[in-house]
1. Tell me the residue from Ala241, Ala227 that is touching a Phe, Trp or Tyr at 6+ places or on another chain (Cβ under 8 Å) and either under 30 Å from Leu80 (Cβ atoms) or modelled with pLDDT under 90 (or both), please.
2. Tell me which residues, restricted to the range 453-477, are without any contact (Cβ under 8 Å) to a residue 24 or more places away in the chain, touching a helix residue (DSSP H, G or I) at 6+ places or on another chain (Cβ under 8 Å) and either farther than 25 Å from Arg371 by Cβ or open to solvent by 80 Å² or more (accessible area, probe 1.4 Å) (or both).
3. Collect the residues in the range 192-235 that are surrounded by fewer than 23 Cβ atoms within 10 Å (Cβ to Cβ) and among the β-branched types (Val, Ile, Thr), keeping them in residue-number order.
4. Tell me, please, whether a residue that is under 29 Å from Asn89 (Cβ atoms), open to solvent by 20 Å² or more (accessible area, probe 1.4 Å) and either assigned to a helix (DSSP H, G or I) or of a type outside the set (Ser, Thr, Tyr) (or both) can be found in the range 152-173.
5. When the range 572-593 is examined, which residues are found to be within 18 Å of the chain's Cα centre (by Cα) and not polar (S, T, N, Q)?
6. Output the residue which, of all residues in the range 498-539 that are closer than 28 Å to Gly442 by Cα and either open to solvent by less than 40 Å² (accessible area, probe 1.4 Å) or polar (S, T, N, Q) (or both), is farthest from the chain's Cα centre (by Cα).
7. For the list (1) closer than 24 Å to Leu319 by Cα; (2) open to solvent by 20 Å² or more (accessible area, probe 1.4 Å); (3) charged (D, E, K, R); (4) not in a helix (DSSP H, G or I), I need the number of the one condition that Glu245 fails.
8. Can you name the condition, by its number, that Ala539 falls short on among (1) assigned to a helix (DSSP H, G or I); (2) of a type in the set (Gly, Ala, Ser); (3) at pLDDT 90 or above?
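The values are calculated or read from the model by the stated rules, or taken from the named source; none is laboratory data. Please read these numbers as outputs of a predicted model, since none were measured by experiment. Quick reminder, even Gly has a Cβ in these numbers, built from the backbone with ideal geometry, and neighbours come from all protein chains shown. What goes into the accessible areas is simple: the full protein's heavy atoms, side chains included, and nothing from ligands, DNA or RNA. Shrake-Rupley method; radii C 1.70, N 1.55, O 1.52, S 1.80 Å.
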Amino acid sequence: MAQSLDKLFPLLDECMLADRFRLRRQLGDLGRRQRDSGADEGQLERLRLRVDKSVALAQARREHVPGVSYPAELPISQRLDDIRELISNNQVVVLCGETGSGKSTQLPKICLELGRGVFGRIAHTQPRRIAARSLASRISSELKRELGDAVGYKIRFHDRVGESTHIKLLTDGMLLAEIQQDKFLNEYDTIILDEAHERSLNIDFLLGYLKDLLPRRPDLKLIITSATIDPERFSKHFDGAPIIEVSGRTYPVEVRYRPPEDEGVNERDEAMQQAILDAVDELSRVDRGDILVFLSGEREIRETAESLHKHRMQITEILPLFARLSAAEQSKIFRPSGQRRVVLATNVAETSLTVPGIRHVVDSGFARISRYSHRSKIQRLPVERISQASADQRKGRCGRVAEGVCIRLYTEENFEARREFIEPEIQRTNLASVILQMKLLGFGDIRGFPFLDAPDERLIKDGYRVLEEIGAVDGLGRISKLGRKLARLPLDPRIGRMLLESTQLGCLREVLVIAAALSVQDPRDRPMDKQQLADEAHALFKDEASDFTGYLKLWAFLEEKQRHLTRRKFGRLCREYFLSASRVQEWHDIHRQIRTQMHDMGYKDNKEDSNYESIHMAVLSGLLSHVGFRSGGAEKGYLGARNTQFYAFPGSGVFASQP
């Protein structure tokens, strides 16, 4: 028996990383039992089979590794030897490169060539789902393999990863979620944190977590990629990790400043729309190259598309690009059509996605930036002027296939007066969910976590205050039994609190629908040129007693129709009632996900319909600080917590009655 055990231990280094720790522990336990009282031969045989299975899987994966080649025209291909050497000799590498350098598509292939991705996968994170999905498709195509084979992706509601997958594209939020089940991230032997300069909440959290993990996982490699925005911060965070720079643009870019007549306007105003048309006309006189126009949001894109269609440009295709588009619509961007293209995009095209063939850029100078007010307790998405760094990122999207022109719809003085960088998300977001997750994972107090930039103390106090308000932590900041349950739900803690309360009040079925609705963008569309028609269509779903029960009416309508209609007919119905089919689908997906999670936690849907009081008591449990009273006098406003003033939204079902 002892000799058999001794033969198994050396085989552990040939096992999959995800199995090694567990198998080593089981072998150790078996050895101790054998010394103390004698172990069962059957136990040893079962353990030997597990080891053999893991070794066989690793061997099959080694034989399955695809051949790698690199496009000679990409700037990163000129630095392959330097990059290979740095990755081989260092645990952490910071690769700094302009957009279009090829870093996102070629880095995982370099790692594969170096023997990574066999015993564990190569995790390649992206800030956005659209980028994870499109990059997985692009890399698998370059490796001449089917998507889901050597290269797969995992995003919310979609998992295209198989046993033979070497490179796994996933959102940084998904990697963060995996930490709950795999604290040592043993599934991976390499992690590529892409677009780290975006400094999202998830990226900052991962950077802090990995700083603590790497000394305990000496076999794990970390590669941080960033645009040319302060890479020294990442190097310093990881104790002087080496930085390698890869150039991006290969042709000169001319910058022209063309502000609208009225500089104080927003993108949807007539002056700005005219400035966009003038810029496109000006670039059309340069050549017939493809144009990328940056706008702040979906509504701005739709209105600009309408203006361009009315402008009647010849042999020109106008394509929208934003995160909520379906995969089929997004894929049009990557398929040449034989016409000159004008692509209207949000900042998803700033760094996350490279739109091929772009010759020129029009930069409106605006983007939507998420901000949380600790006073009003509201997370907003206001349109703001972009930073100088973002403007340079946008400029970097042209000049890659030939000389290009970037037209900025603001003055040079305006550009010089802008902030150099936007502050990281952790300094402008609600921290309640972060604090809760950190406590569940045993990270201790958020103030001691190794973030690149410490969050604002006011936001930390507010996060604790929110968690205490909903009963997730006690007065000393210790996580409660309720808080542990909330941390298992992939939702804002306030919304999770509504769900848990609904289980006590017999209205889980109804509150699941409301919770999912509050977690997605409103599925109701209200186009500027069809507002009255949209309002008439949406009146069918309004409830004069409550907007929350209005969601239930809309849900019941959609569920009934979806049961009897084909997908195409259902999409047509959504358009008829001014509903976004993709947002309706996301609402449905989130409902299914949280319903499954609640059932896994032991809760069941109520069989009988619930009542108004129970539903609203459950909703109220998560929104205690959002309660208001009617102000006195002729004012139609409400007085809320901490003397905040607010008003009923004109589109609300209760606006007319002003309860």
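1. Values: Ala227 fails: touching a Phe, Trp or Tyr at 6+ places or on another chain (Cβ under 8 Å).
Exactly one of Ala241, Ala227 is touching a Phe, Trp or Tyr at 6+ places or on another chain (Cβ under 8 Å) and either under 30 Å from Leu80 (Cβ atoms) or modelled with pLDDT under 90 (or both), namely Ala241.
2. Asp474, Gly475
3. Hits for the range 192-235 are Thr228, Ile229.
4. no
5. Arg583, Glu586, Trp587, Asp589, Ile590
6. My answer is Thr503.
7. (1)
8. Unmet for Ala539, out of (1) assigned to a helix (DSSP H, G or I); (2) of a type in the set (Gly, Ala, Ser); (3) at pLDDT 90 or above: (3).
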